[in-house]
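Q: Mind looking over this structure? Questions follow.
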Amino acid sequence: MFLIDSQHSPAGPGDNTAGAELDALRARVGREAHAARLVELLSRAARGHEDAFAVLYDETVTRIHGVILRVLRAPDMAAEVTQDVFVEIWRQSGRYSPEKGGVLTWMTTIAHRRAVDRVRAANSETARDDKYAALNVEPAFDRVWEVVERRIDTQRVRKAMESLTEIQREAITLAYFGGYSQNEVAQLLQLPLGTVKSRIRDGLIGLRDALGVAT
C-alpha cells in the first residue's frame, strides 16, 4: 500500500478553486471589518470624540478629495470643498444610519453633492446675471426655482438608491458619483471585475425602474 503525502501531491483544479474562494472570503472579511471600523469611528465622532473623527478623516480624506477633484478639476477649489465636506460630515454624523449604506458611500454622496453644488453655483451665477440683464427677471426668483428643482431631483434619486442593495449602491456611487472606472471600483471594493459590472448593471436597471425612466 502506498501512502500519498498531501504536502507534495500535485494541486488539482479543486485546490485552485478552494484557494480562490478562500481569497474571496478573506477579502470580504477585510471589507466588513473596515466598514465596521468606519461605523464605530463615525459613531464616536457623533458623540463628540474629536480623536475618532481625526482618525476617520485620515482614513478617508484621500478618497473624498479624489471624488471632489474629479468633479471640480481645480485643486485649490477641491481642497476648499473637501474641508467643507468634512465639516458637514462632523455636523451630520449623528444622522447617519447603517440601513442606508456604508459610511464611505454616505460620505462619498455628501462629497459629490457638495462638489456638484459648487459647480452649479459658479455656472448659475454667470447664467443668472446674463438672464437678469436680458429679461430683467428678479434673481431671487431664479435662486428659489433652482433650489426647488435640485431638491426634487435629489430626493427622487436618493429614494431610488435606497431600493438597491448595499453593494449596488456602493458600486454606482463610486462609478457615477465618484467618477471611478469599473476597474477602479473593483479594486476599491476588492471584488472581481465581473461582479462589479453585474452589480452596476443590475443597480442601473433598479434605478431606471424606481425612477420610471423609459428606455
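The values are calculated or read from the model by the stated rules, or taken from the named source; none is laboratory data. In this text the structure is predicted, and so the values were computed from the model without any measurement. Don't worry about glycine lacking a Cβ; one is built from the backbone with ideal geometry, like all the others, and counts go over all protein chains shown.
Q: For residue 87, which of the numbered conditions (1) closer than 19 Å to residue 49 by Cα; (2) β-branched (Val, Ile, Thr); (3) in contact (Cβ under 8 Å) with a residue 60 or more places away in the chain fails to hold?
A: Checking residue 87 against (1) closer than 19 Å to residue 49 by Cα; (2) β-branched (Val, Ile, Thr); (3) in contact (Cβ under 8 Å) with a residue 60 or more places away in the chain, the one that fails is (3).
Q: In this structure, is residue 168 more than 13 Å from the chain's Cα centre (by Cα), farther than 15 Å from residue 113 by Cα and not small (Gly, Ala, Ser)?
A: no
Q: Please determine whether any residue of the range 90-113 is under 23 Å from residue 184 (Cβ atoms), touching a residue at least 40 places away in the same chain (Cβ under 8 Å), assigned to a helix (DSSP H, G or I) and of a type in the set (Lys, Arg).
A: Within the range 90-113 (the criterion being under 23 Å from residue 184 (Cβ atoms), touching a residue at least 40 places away in the same chain (Cβ under 8 Å), assigned to a helix (DSSP H, G or I) and of a type in the set (Lys, Arg)), the answer is yes, since at least one residue qualifies.
Q: Any idea how many residues of the range 80-95 are among the small types (Gly, Ala, Ser) and within 14 Å of residue 60 (Cα to Cα)?
A: Count: 0.
Q: Just to be sure I understand the filter: pairs with C-beta atoms under 9 Å, separated by 6 or more residues or on different chains, first member in the range 68-82 and assigned to a helix (DSSP H, G or I), second member among the hydroxyl-bearing types (Ser, Thr, Tyr). Which pairs pass?
A: Filtered contacts from the range 68-82: 68/82; 69/82; 70/180.
Q: What pairs come out if I take residues in the range 27-46 that are modelled with pLDDT of 90 or more and pair them with residues that are of a type in the set (Lys, Arg) whose C-beta lies under 9 Å away, six or more apart or interchain?
A: Pairs that qualify, where the first residue is modelled with pLDDT of 90 or more and the partner is of a type in the set (Lys, Arg), are 46/95.
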